[in-house]
Amino acid sequence: MYTKSHLEWRICSIVCFLGLLIQVIDGTDVPMTILKSAVAKGAVCLDGSPPAYHLDPGSGSGINNWIVHMEGGGWCKDTKECLERKDTYRGSSKNMPPQGFSGMLGNVKVFNPDFYNWNRVKVRYCDGSSFTGDVEKVDPKTNLHYRGNRIFLAIIEDLLAKGMNKAQNALLSGCSAGGLASILHCDKFQTLLPKNATVKCFADAGYFIDGTDITGGHAIRAFYQDVINTHVCLLSIVFFLIKLPTISYVQISFLVSCFNNSCSIEVTTSSSFFFLQESTKNLPASCTSKHPPPLCFFPQYVVQSMRTPLFILNAAYDTWQVKNILAPGTVDHGNTWQDCKVYIKKCNSTQLTKLQDFRSEFLKAIPQNTSLTGMFIDSCYAHCQTGDLNTWFSKDSPSIQKTSIGEAVGNWFFERKAPQKLIDCPYPCNPTCKNVELITNKN
């Protein structure tokens with residue numbers, strides 16, 4: 001016969017075991033597809049190996065619903081950085097470790113009630129350009145391939161052939177550099193899906209702003225310019241030169257194709273007149289037609305003309321943006337921000353003021369007064385919050401107005417009667433951030 005304390009202990013043990021079992025099942029490895037057929041299309045990783053993705057098929061009511069989630073992992077901005085990635089899982093499918101699905105890609109209903117039985121895809125990231133690169137020429141000295149856009153198109157084509165051409169609902173998502181990709185490719189993705197499908201996009205920690213750094217400059221602009229020059233730059237400089245008798249004016253164009261930090265120049269003429277024209281392939285034309293192409297790596301300039309609904313999940317104090325946009329090492333010469341960037345509780349009063357100013361700048365950069373955009377902007381010190389069940393949909397998940405991230409995204413996608421735009425109060429007001437901050441600092 002058991003005493004009350006013994007029974008309580010046994011019940012607690014069983015509950016804990018079941019909870020652990022669910023988490024193990026939720027994170028089970030998903031088989032990886034190496035898309036060898038993409039090589040013939042030039043859709044390859046930095047090292048020339050085929051691209052890859054993971055697919056966990058849908059079931060039941062989710063059989064014709066799809067999540068395509070693009071992996072993140074920063075960018076390589078020049079030949080040196082891309083060579084450093086080339087032989088790692090960030091640049092080659094030969095070295096990609098197994099992947100388990102959790103969070104928004106998890107298959108356990110209690111932790112992912114809206115999407116658990118959808119077809120869930122994770123596209124591996126091996127190009128270093130947020131899936132925008134497309135340089136035909138390969139330098140034989142480095143054998144680097146800048147083909148991210150081709151990877152995106154090849155994998156989408158393969159998924160369409162595997163049933164996504166019958167999609168009723170589809171969500172293009174991504175984290176970090178993949179989150180940026182979900183914005184840059186959003187409208188294109190929508191055009192590739194069936195016309196009667198509900199298609200939306202979701203960016204987790206991908207809303208990188210054209211922010212002011214601690215010196216008052218915009219150091220991040222130079223970084224993204226280098227990424228574009230390396231992977232996707234096609235620069236056309238047009239000079240208005242001379243009037244001829246037979247035609248009103250002659251335009252001489254210098255077409256500069258940049259790759260591996262070198263450029264080739266092609267000179268052409270026409271009678272059209274432009275002062276200066278820049279065109280960058282594979283960035284949204286709706287943005288590059290209005291802004292210099294380097295600015296179209298910043299979502300705030302892209303979303304102004306997006307046609308497809310978008311949900312923005314971001315920490316107002318995003319760890320990557322604090323470290324690389326607000327206080328990058330290139331401007332923090334004395335490393336005075338080192339401790340603050342590691343852990344927000346180590347920031348001094350002056351630094352906290354700068355952080356609050358950065359939050360204000362971030363909030364000004366997100367879309368205003370548009371019914372197409374949903375958002376969850378918390379006051380956590382975090383980067384990427386959808387890949388773990390503890391931050392996506394659990395009793396300890398970060399929440400705003402008692403709504404978790406998973407609930408907010410589901411409410412927005414299915415257009416339920418609930419707040420579609422959730423913006424947190426300033427740090428340190430939200431006690432539910434503790435869990436995500438522990439995970440961020442652990443990683």
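Overview of values
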{"quantity": "Residue match in the stretch 177-186 (condition: of a type outside the set (S, T, N, Q), closer than 18 Å to Asn119 by Cα and touching a residue at least 24 places away in the same chain (Cβ under 8 Å))", "calculated": "no"}
{"quantity": "Identity of the residue in the stretch 10-46, among the small types (Gly, Ala, Ser) and either open to solvent by 80 Å² or more (accessible area, probe 1.4 Å) or not in a helix (DSSP H, G or I) (or both), that ends up modelled with the lowest pLDDT", "calculated": "Gly27"}
{"quantity": "Qualifying residue in the stretch 262-270 (condition: assigned to a loop (DSSP other than H, G, I, E, B) and either modelled with pLDDT of 95 or more or not hydroxyl-bearing (Ser, Thr, Tyr) (or both))", "calculated": "no"}
{"quantity": "Residue that is modelled with pLDDT of 95 or more, under 22 Å from Leu355 (Cα atoms) and among the hydrophobic types (A, V, I, L, M, F, W, C), where the choices are Phe202, Phe208, Phe189", "calculated": "Phe208"}
{"quantity": "Selected residue (only one of Asn149, Asn107, Asn112 is touching a residue at least 12 places away in the same chain (Cβ under 8 Å) and closer than 16 Å to Thr230 by Cβ)", "calculated": "Asn149"}
{"quantity": "Residue list for the stretch 47-93, restricted to those being outside any helix (DSSP H, G or I) and polar (S, T, N, Q)", "calculated": "Ser49, Ser59, Asn64, Asn65, Thr88, Ser92"}
{"quantity": "Residue check for Cys340: at pLDDT 95 or above, at positive phi and crowded, with 16+ Cβ neighbours inside 10 Å", "calculated": "no"}
{"quantity": "Qualifying residue in the stretch 151-158 (condition: modelled with pLDDT of 95 or more, surrounded by fewer than 22 Cβ atoms within 10 Å (Cβ to Cβ), of a type in the set (Val, Ile, Thr) and under 17 Å from Pro284 (Cα atoms))", "calculated": "no"}
{"quantity": "Complete set of residues in the stretch 77-95 that are open to solvent by less than 10 Å² (accessible area, probe 1.4 Å) and under 24 Å from Phe189 (Cα atoms)", "calculated": "Gly91"}
{"quantity": "Qualifying residue in the stretch 417-438 (condition: under 19 Å from the mean Cα position of the chain (by Cα) and modelled with pLDDT under 95)", "calculated": "yes"}
{"quantity": "Residue within the stretch 56-70 that is hydroxyl-bearing (Ser, Thr, Tyr) and closer than 29 Å to Lys137 by Cβ present", "calculated": "no"}
{"quantity": "Qualifying residues in the stretch 96-123 (those that are over 23 Å from Leu180 (Cα atoms) and among the β-branched types (Val, Ile, Thr)) - the one surrounded by the most Cβ atoms within 10 Å (Cβ to Cβ)", "calculated": "Val108"}
{"quantity": "Residue in the stretch 305-317 that is most open to solvent (accessible area, probe 1.4 Å), counting only those that are in contact (Cβ under 8 Å) with a residue 40 or more places away in the chain, under 21 Å from Val199 (Cβ atoms) and not in a strand (DSSP E or B)", "calculated": "Arg307"}
{"quantity": "Residues of the stretch 162-177 satisfying the condition of being assigned to a strand (DSSP E or B) and open to solvent by less than 20 Å² (accessible area, probe 1.4 Å)", "calculated": "Ala170, Leu171, Leu172, Ser173, Gly174"}
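For (1) touching a residue at least 40 places away in the same chain (Cβ under 8 Å); (2) under 19 Å from Pro299 (Cα atoms), each residue gets a yes or a no:
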| site | (1), (2) |
| --- | --- |
| Asn348 | no, no |
| Gln356 | yes, no |
| Ile366 | yes, yes |
| Leu372 | yes, yes |
| Asp378 | yes, yes |
| Cys384 | yes, yes |
| Cys425 | yes, no |
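Matching residues to (1) out of contact with any Leu (no Cβ under 6 Å at 6 or more places or on another chain); (2) not hydroxyl-bearing (Ser, Thr, Tyr):
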| site | (1), (2) |
| --- | --- |
| Pro51 | no, yes |
| Gly60 | yes, yes |
| Trp75 | yes, yes |
| Glu81 | yes, yes |
| Ser93 | yes, no |
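The values are calculated or read from the model by the stated rules, or taken from the named source; none is laboratory data. Quick caveat: nothing in here was measured; it's all calculated off a predicted structure. Every residue, glycine among them, receives a Cβ derived from its backbone with ideal geometry; neighbour counts consider all protein chains shown. Side chains are part of the model used for accessible areas, which takes the heavy atoms of the whole protein and leaves out ligands, DNA and RNA. Shrake-Rupley method; radii C 1.70, N 1.55, O 1.52, S 1.80 Å.
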